[in-house]
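Novice: Take a look at the following structure, please.
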């Protein structure tokens, strides 16, 4: 019966005990311990295939709720089911793109965590003179060496959450633009306890931004307004861990006055004074 491979913590413990007893004597010996720790670290973490299955399941579930089950139409009743169905090939590409991006990001984070762990270990080990050290064992040293790796499950969850928000923002934007949205109202959750908001995003809260080249602008009924176009700023979810969102507006009569031209104001007035059937 094959013996069970040492855990990452067991290898770190064995390595620190070895160097405390004998000290740093040769690079070859250090390289052997580094290789052992690396193998144990890789065994402790999920395989790339396992990680991809988890994030694919998470992102696909969010996509299904928003697009397949048409949840996006609850916040955009102006968009027809026909328009949503027509946009699905484009929306599906965004899901596939986000899964690939998430997998690559987790892969990079994994490599960085392992490299950080090994770098800390090598820095610690090479500081111990040949012959070892009688200094009391510092648990903090060992904990520092394994800290980056211990955070990996948390970091993977953060990646999935962040990439989910980015995907949802991109999907909603595609549906809104495809459905004829005129503008978006920025919403920042800066009041949410614990949320680390960006100051400029807080300042955008409740501000209006025009969608470039929409039908109302092409007809001369609408203009950008004081805040300009939405594509001139970083959108919701664009920056890491941004949880801002947009409320899309589809009707001229819901726009603020500074976003209407004279022709647009006239059209809104006519519509509001037209007799009801």
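Just so it is clear, none of the values below were taken in a lab; they were calculated from the coordinates. As the structure is a computational prediction, the values presented were derived from the model and not from experiment. Neighbour counts run over all protein chains shown; Cβ positions are idealised from the backbone, glycine included.
Novice: Counting other C-beta atoms within 10 Å, which of 30, 43, 246 has the fewest, and how do the rest follow?
Specialist: The most exposed by this proxy come first: 43, 30, 246.
Novice: Something else: Gain in length, residue 100 to residue 197, computed as 0.36 nm per residue apart minus the alpha-carbon separation, to one decimal in nm?
Specialist: Length gained between residue 100 and residue 197: 32.2 nm.
Novice: Once a ≥ b ≥ c are taken as the square roots of the eigenvalues of the Cα gyration tensor of the stretch 1-132, is the result rounded (a/c under 1.5), prolate (a/b larger than b/c) or oblate (a/b not larger than b/c)?
Specialist: Prolate is the answer for the stretch 1-132, as a/c is 1.5 or above and a/b outweighs b/c.
Novice: Whole percent per 10 Å bin, from 0 to the bin with the longest distance: what is P(r) over all C-alpha pairs of the stretch 46-105?
Specialist: Bins of 10 Å from zero give 21, 45, 24, 9, 1 percent of pairs.
Novice: Taking springs between alpha-carbon atoms closer than 10 angstrom, which of 205, 231, 162 fluctuates most in the Gaussian network model of the chain?
Specialist: Between 205, 231, 162, it is 231 that shows the largest mean-square fluctuation.
Novice: Quick check on the chain: what does the Kirkwood estimate of hydrodynamic radius come out to from the alpha carbon pairs, in Å?
Specialist: 22.9 Å
Novice: Still on this structure, I have one more. Take the chain, connect every pair of alpha-carbon atoms lying under 10 Å apart with a spring to form a Gaussian network, then pick out the residue of 236, 256, 193 with the largest mean-square fluctuation.
Specialist: 193
Novice: Roughly how tilted is helix 262-273, in degrees to the nearest 10 and between 0 and 90, from the longest Cα axis of the chain?
Specialist: That works out to roughly 70 degrees.
Novice: When the chain is fully extended, how far beyond the present Cα-Cα distance does residue 14 get from residue 265, taking 0.36 nm per residue of separation?
Specialist: 82.7 nm
Novice: Let me ask something else about it. Taking the chain as the reference, fit the longest principal axis to its C-alpha atoms, fit the long axis of helix 27-44 to the helix C-alpha atoms, and give the angle between the two in degrees, 0 to 90, nearest 10.
Specialist: For 27-44 against the chain, the angle is about 50 degrees.
Novice: Additional query: Can you give the calculated 222 nm mean residue ellipticity of the chain, where each DSSP H run of n ≥ 4 adds -39,500 (n - 2.57) and the sum is split over every residue, rounded to the nearest 500 deg cm²/dmol?
Specialist: The helix contribution divided over the chain gives -19000 deg cm²/dmol.
Novice: How large is the translational diffusion coefficient of the stretch 182-277 in µm² per second when you combine the Kirkwood radius over alpha carbon pairs with Stokes-Einstein at 20 °C and 1.002 mPa s?
Specialist: Taking Rh from Cα pairs, D becomes 147 µm²/s.
Novice: OK, next. To test your reading of the geometry: what angle, between 0 and 90 degrees and rounded to tens, separates the Cα axis of helix 48-63 from the longest principal axis of the chain?
Specialist: 20 degrees
Novice: Grab the Cα-Cα distance for residue 206 and residue 157, subtract it from 0.36 nm times how many residues apart they are, and report the gain in nm with one decimal.
Specialist: 14.7 nm
Novice: Between the stretch 234-262 and the stretch 17-57, what is the separation of their alpha carbon centroids in Å?
Specialist: That distance is 48 Å.
Novice: Using a Förster distance of 30 Å, how high is the FRET efficiency between residue 143 and residue 92, based on the Cβ-Cβ distance and rounded to 0.05?
Specialist: FRET efficiency, residue 143 to residue 92: 0.10.
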